[in-house]
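What follows is one structure encoded as structure tokens, with my remarks underneath.
The values are calculated or read from the model by the stated rules, or taken from the named source; none is laboratory data. Just so it is clear, the structure is predicted and the values come from calculations on it, not from any experiment. Every residue, glycine among them, receives a Cβ derived from its backbone with ideal geometry; neighbour counts consider all protein chains shown. Just so you know, the surface numbers come from the protein's heavy atoms only, side chains and all, with ligands and any DNA or RNA stripped out. Shrake-Rupley method; radii C 1.70, N 1.55, O 1.52, S 1.80 Å.
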Amino acid sequence: MSKVEEKLAELGLTLPDVAPPVAAYVPAVRSGDHVFTSGQLPMVAGKLQHTGKVGAEVTAERAKALAQICALNALAAVKSVIGDLDDIEQVVKVVGFVASAADFTGQPAVVNGASELLGEVLGEAGVHARSAVGVTVLPLDAPVEVEIQVRVRAGA
């Protein structure tokens, strides 16, 4: 078990299996020393955990927890490409999309669910640039979607 997975276990979390794509794409692609994930939905065991708009059917607190699930799925996608999460040198960028009610402006707080998890399990390597974007609708009516870009050890 990697140090990253041990840290997840300390937090009471486990790395899930890679979420299967819902369309024509792959969960992650490596290009040189970087891995780019596709957008990850809050899926657990193949089931979307919630639907609806944040600020309407979904509370900001629940959406933040869903963003954490998205980040776990993103880490699983990275692992599927590099094999060992300890080979992550840096989370370079996180992009979070939040399906938002028209008057909801708390997207940054929602995406903190992903950012805080990455920081907690990866330490300094989890510090990243980020965008938190409000959108009208996401695939499958998911409330949140997260993608990450990481730099890995050369040759890993």
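If you go through segment 141-156 and keep only what is more than 14 Å from the chain's Cα centre (by Cα) and surrounded by 13 or more Cβ atoms within 10 Å (Cβ to Cβ), you end up with ASP141, ARG151, VAL152, ALA156. One residue alone among GLU124, GLU89, GLU116 is without any contact (Cβ under 8 Å) to a residue 12 or more places away in the chain and either touching a Cys at 6+ places or on another chain (Cβ under 7 Å) or open to solvent by 10 Å² or more (accessible area, probe 1.4 Å) (or both), and that residue is GLU124. Residues in segment 17-74 that are among the β-branched types (Val, Ile, Thr), under 16 Å from LEU138 (Cα atoms) and in contact with a strand residue (DSSP E or B) (Cβ under 6 Å, 6 or more places away or on another chain): VAL54 only. Checking each residue in segment 50-86 for being open to solvent by 30 Å² or more (accessible area, probe 1.4 Å), farther than 19 Å from SER115 by Cβ and assigned to a loop (DSSP other than H, G, I, E, B) picks out HIS50, THR51, LYS53, GLY55, ALA56, GLU57, GLY83, ASP84. Close Cβ contacts (under 6 Å, 6 or more residues apart or on different chains) running from residues in segment 1-28 that are of a type in the set (Asp, Glu) to residues that are buried (at least 17 other Cβ atoms within 10 Å of the Cβ) comprise GLU5/LEU15.
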